[in-house]
1. Among the listed pairs LYS266/LYS443; LYS360/LYS380; LYS266/LYS360, which are separated by more than 31 Å between their Cα atoms?
2. Per residue, what accessible area does the range 148-281 have, given a 1.4 Å probe and all protein chains present, in Å²?
3. Just order 433-441, 168-176, 472-480 by mean Cβ neighbour count inside 10 Å, highest at the front, would you?
4. On each of the three principal axes of the Cα atoms of the range 122-188, give max minus min coordinate, whole Å, ordered largest first.
5. Between the range 203-277 and the range 340-416, what's the alpha-carbon centroid distance in Å?
6. Report, in debye and to the nearest 20, how large the dipole of the range 37-115 comes out about its Cα centre when Lys and Arg carry +1 and Asp and Glu carry -1 on their Cβ.
7. With all protein chains present, how much of the accessible area of the range 55-182 (probe radius 1.4 Å) comes from carbon and sulfur, to the nearest whole percent?
8. Magnitude of the Cβ-charge dipole of the range 97-202, K/R +1 and D/E -1, about the Cα centre, nearest 20 debye?
Amino acid sequence: MPVAGARRLAPSGWRVEAAEPISRPSGVMTAASWMLRQMGFVSTLDALLPWDPKQCKLSPGTRLLALTLCVLFDRAALCNVQQVLARQDLSIPFGSAPQAADFNDDALGRALDKLARARPARVFHTVAAQVWAHERVPFDTLHGDTTAVALYGSYPAPEPELLQIVPGFSKEHRPDLRQVGLGLVSGPEGIPLLADVHDGNLSDNAWNGTIIAELARVLPEQTLRAILYTADCKLVTPNNLRALHDTGLHWLSRLPETYDLATTLKQRAWAGGSWDAPAPLSPRRSLPALRVRGRGPQRRPPASPGRSALSLHRGALHGPAGPCLLIAEETAAVHQALTAAPSFPTAEQADAAAAALLSKLTLRYHTLQLATAPITLPGKRPTRGRPPKGAPPPPPVTRFIWNANLRPADATDLQREIEDRSCFLLITDEPRRSARELLAVYKRQQTAVEIPFHRTKALPVAPMFLERPERVRAMGYVLLMAYVAF
């Protein structure tokens, strides 16, 4: 995590520069700390965590509150929390006057140990329940998603029953780092309901199956059947849909493009020829409105009773520049490959290289033909330096190059590709909501889980006092508890 006022040197380190001394915390930090205290954040942690007031200068809840505030606002490296808080008036966010030295890395590590021993998942869910009780926000939809937090340094192989800090599919585009996963289920207002810290190589498909079982365990049957659970396309697997049907939980997701059914439904939607009026999704003008095609029954796998699909037209590719964007993208790739092509000493080598290039390039909007042609180039002198006076010039050299003929795609094929790429499909078994209502629910996925997750997208955690998997898991739940105040 970067230090306030720091400049990044490399993926492995930061250089600390001088920062302006700050006497008062920001108004946002003050408001967040006040809100967390009003919801009993510190008192709940102190009641659930094992600690002895006679042996501790500050309660573990107070130290974990400091970690949470740094995650939200200063985004400081964990080893620099003490330095960050040294520039703050601590009596405002903490309601007392602790010293910055009370938040050194050893003290924070001991607080994480206490959280790890107290079953951090149970602690998080207790805090989340207090938030729901405080806010009194009814919910009829839930949104689930996952992210990954990268960890610098070398971690020993943990025991099988402990958190696995291992490489996995890196959503941070850092496959060189180990990671752990964070899963979150929130209500429509973004208030967390369930969360977990899981192995770094756990797939989203398996995580959704675990969450379905957990929702069935913690929610009453009547409440469960009234909820619409929304997740991305990783939810749509035969096992997950079977589990959703068995528990009675209604669901909404995006149909993966890997299913042949997606192509069939898109073609059927465009063949219908009628779309609803655009549905505005954002006050920002840069976002195009979506057109809703309507619902249609599905008759092929994935198997689940009562399915229906919505064909949603983005509209971005159907403006004047839409086809040009698709063609220009492929044209640039072809020109880049041809520019890097060398000349060849023989025609056979040129023909073989041309065949290899044509098999490598997957062209969808053009037809490329490569013809081998000879070219005469000036010869090179056998020795360096200025040639003798009257020396004859070196003989010319014959090389072979390609003459390229790039023809545009057929208009019909281009139109079919535009239609395919400008649509996406939502799949659901919810019978009570209209197509527009379902679209609004799905777009709420961004504010409910995706935007809060963005707070940890660029927070690779240094292994300073997180050398054990138990502390890493506890820190993961601190990151998740930060969403409560987001």
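The values are calculated or read from the model by the stated rules, or taken from the named source; none is laboratory data. Just so it is clear, the structure is predicted and the values come from calculations on it, not from any experiment. FYI the Cβ positions are ideal-geometry reconstructions off the backbone, even for glycines, and counts take in every protein chain you see. These accessible areas exclude ligands, DNA and RNA; they are computed on the full protein's heavy atoms, side chains included. Shrake-Rupley method; radii C 1.70, N 1.55, O 1.52, S 1.80 Å.
1. Going by Cα-Cα distance, LYS360/LYS380 fall outside the 31 Å limit.
2. 46
3. By packing density, highest mean first, the sequence is 472-480, 433-441, 168-176.
4. Extents along the principal axes, in whole Å: 44, 25, 18.
5. 52
6. Dipole about the Cα centre, nearest 20: 80 debye.
7. 51
8. Magnitude of the dipole: close to 160 debye.
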